[in-house]
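All remarks here apply to the structure that follows.
The values are calculated or read from the model by the stated rules, or taken from the named source; none is laboratory data. Being a predicted model, the structure only gives us computed values, none of them experimental. Here the Cβ is made from the backbone with ideal geometry for all residues, glycine too, and neighbour counts use every protein chain on show. Note: areas computed on protein heavy atoms with side chains; ligands, DNA, RNA excluded. Shrake-Rupley method; radii C 1.70, N 1.55, O 1.52, S 1.80 Å.
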Amino acid sequence: MVTALALVLGGLVVVMAVNAVAHRSGVPASVLLVLAGIGYGYLPGPNLTLDPEAVLYLVIPPLLYAAALQSSLTALRTNARTVAGLSVALVLVTALAVGFGLNATVAAVPLSVGIAVGAAVSPPDPVAALSIGRRAGLPPRLITLVEGEGLLNDATALTILQVAVAAAVGGAFSVGHAVGDFLVVAAGGLLVGLVLAAAIAQVRKKVSDPLIDNALSLGTPFAAYLAAEKLHVSGVLAVVVAGLWLGHRSASLQSSRARLQTRAVWHLVEFLLEGYVFLLIGQQLPAVVRGLRDYDVSTVVTAAAVTVGTVLLVRPLWLLLAAHLPTRMHARLGGDPRPGNPPLSGRELLALSWAGTRGVITLAAAFTLPADTPARDLLLFCAYLVVLVTLIGQGLTFAPLLRRLRLPGTEVSRALTRNQARAAAVQAALQRLESLAAADPTVGKIAAPLRRAAEVRQQRYTTRVELLSAVEDQMLPTDEEYRAALRARREMIEAEREELLAWRDAGRLADADMRVLERELDHVESVLPPLPPS
């Protein structure tokens, strides 16, 4: 227990230190954490071994649920065909390509086992790609596609893996039976997720305490995963569906206090789990390399080259194929030819193909291969190499690539939409205030200051909209008055906080009352945008 606690605390220190370095240097934290894990793995002393059961039951559900809460169900519906093509068809094609490639070049690998490994290495993990892409200005549509693909492809890959392992153990394989199993498992996971989400929604309507609401939120992904696994359907899909539906309905199901707490809690959960996961990935390298002692160098090089090369080539080839076929075939392969949703450009296709980083789900899936699987240690190394090449290689080059591509429709268009929505919301508030003042004389007496405050906000948003509408390039414009107002407002809040501390230190204000007033200031400051660069 002491050793385990020391490893957890040491990992926490590393995660915090690496994220601080990443923030200052611009190098992705995921890459630095993996490298730190590799370095620690070769040091003498206790180490952690990846337990696939622990990862699949304790790590994957909360990470997927947190991502689903932040995703847009509306945007996913708009891009449903493309997301389906990436998360189902592309995963299947990648698994088959890797399986046939390994079976053809490595004599010790049966086809069913090759497909199982192909299923393990086929699903991209969007965590690293999105953490880099958001900072580098990845357009909203591509963010939606990467999120949607990452939410749904794990279910496809794990289902293919289960079918392939069953075929390897049983010695028989039927395409029709495999397709039927896949449809049943996917439909069952979808149904479990919807039923659980509906039940949680009914409970939330009766819960007013934010702490109880957040405890319910933390338990939801585990409940969805366990329920689905007990019914032998897709636990991953159940978690994703529940998260998407509850996130979409959060405005009507949760109070404002509960939503603020939920976002903070899940942000912390993501930060810690992702940090530990990337460290854990790095620590597995020594054990994986030790398993290669029984294989000659040519076999290892051949298997690794086939696996990594297939993974790197299939994704861009699929995207090009899906984008350039005639409309009917284009739709079948996941494209969306509807008006208002144009095909992806060449630069967008390149950015999307580079977002195929693999992560912990690949390693967890590979480690679930039975101990008597032919060439298991060799296949584990191939899966691990795919993770390293994509996570480190693509992770380090993703941000420079995005900067060189100069993709349109990024920060300016999003900022314009946000300010238009703010102005419309304030206008709705003013109309509601006028209605209340007309119906209630008491409200009419106190309406003037509320109206003036709202009109000031509306004027600020309208001015910002006019400024953003006149922008011709993709750089956010700087506004000296806007920057000065933000700086002044922050200074005023800081002065209030200092005065409250002076009252507390002088004994004129109790600590409990101090925390109440400080929380009020914190909420005001939290809604202020960061200062634009000078």
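At-a-glance table
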item: Close pairs from the stretch 262-279: first closer than 24 Å to His248 by Cβ, partner hydroxyl-bearing (Ser, Thr, Tyr) and in a helix (DSSP H, G or I), Cβ under 6 Å, at least 6 apart; result: Thr262/Ser217
item: Considering residues of the stretch 460-499 that are touching a helix residue (DSSP H, G or I) at 6+ places or on another chain (Cβ under 9 Å) and aliphatic (A, V, I, L, M) only, the residue modelled with the lowest pLDDT; result: Met475
item: Inter-residue pairs, beta-carbon under 7 Å, first within 15 Å of Arg515 (Cα to Cα) and in the stretch 487-505, second exposed (fewer than 11 other Cβ atoms within 10 Å of the Cβ) and not polar (S, T, N, Q), 6+ apart; result: Arg504/Asp511
item: Qualifying positions in the stretch 13-40 - in contact with a helix residue (DSSP H, G or I) (Cβ under 6 Å, 6 or more places away or on another chain) and not in a helix (DSSP H, G or I); result: Pro28
item: Some residue of the stretch 95-107 being open to solvent by 60 Å² or more (accessible area, probe 1.4 Å), of a type in the set (S, T, N, Q) and touching a residue at least 60 places away in the same chain (Cβ under 8 Å); result: yes
item: Residues of the stretch 410-429 that turn out to be out of contact with any Phe, Trp or Tyr (no Cβ under 7 Å at 6 or more places or on another chain) and open to solvent by 30 Å² or more (accessible area, probe 1.4 Å), as a count; result: 13
item: Matching residues, the stretch 345-372, being part of a loop (DSSP other than H, G, I, E, B), open to solvent by 30 Å² or more (accessible area, probe 1.4 Å) and of a type in the set (A, V, I, L, M); result: Ala371
item: For Leu138: the one exception among (1) closer than 22 Å to Leu312 by Cβ; (2) in a helix (DSSP H, G or I); result: (2)
item: Single match in Leu325, Leu333, Leu320 (criterion: buried (at least 17 other Cβ atoms within 10 Å of the Cβ), modelled with pLDDT under 90 and at negative phi); result: Leu333
item: Selection within the stretch 236-267 - under 16 Å from the mean Cα position of the chain (by Cα), under 18 Å from Ala223 (Cα atoms) and of a type in the set (Gly, Ala, Ser); result: Ala242, Gly243, Gly247
item: Condition met for Thr156 (within 27 Å of Leu344 (Cβ to Cβ), more than 15 Å from the chain's Cα centre (by Cα) and of a type in the set (Ser, Thr, Tyr)); result: yes
item: Subset tally (residues that are part of a loop (DSSP other than H, G, I, E, B) and open to solvent by 60 Å² or more (accessible area, probe 1.4 Å)) for the stretch 290-317; result: 4
item: Pairs, first under 19 Å from Pro61 (Cβ atoms) in the stretch 207-225, second outside any helix (DSSP H, G or I), C-beta under 6 Å, six or more apart; result: Asp213/Val207
item: Filter result (buried (at least 20 other Cβ atoms within 10 Å of the Cβ) and within 21 Å of Ile143 (Cβ to Cβ)) within the stretch 377-406; result: Thr390, Leu391, Gln394, Gly395, Phe398, Leu402
item: Any hit, the stretch 151-160, residues being assigned to a loop (DSSP other than H, G, I, E, B) and either open to solvent by 30 Å² or more (accessible area, probe 1.4 Å) or touching a helix residue (DSSP H, G or I) at 6+ places or on another chain (Cβ under 7 Å) (or both); result: no
item: Among residues of the stretch 54-88, those that are more than 19 Å from Trp266 (Cβ to Cβ), open to solvent by 30 Å² or more (accessible area, probe 1.4 Å), touching a residue at least 12 places away in the same chain (Cβ under 8 Å) and not polar (S, T, N, Q), counted; result: 4
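Residue-by-condition table, conditions (1) outside any helix (DSSP H, G or I); (2) under 34 Å from the mean Cα position of the chain (by Cα):
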{"site": "Val443", "(1), (2)": "no, no"}
{"site": "Glu455", "(1), (2)": "no, no"}
{"site": "Arg464", "(1), (2)": "no, yes"}
{"site": "Leu468", "(1), (2)": "no, yes"}
{"site": "Arg483", "(1), (2)": "no, yes"}
{"site": "Arg504", "(1), (2)": "no, no"}
{"site": "Arg508", "(1), (2)": "yes, no"}
{"site": "Arg515", "(1), (2)": "no, yes"}
{"site": "Leu521", "(1), (2)": "no, yes"}
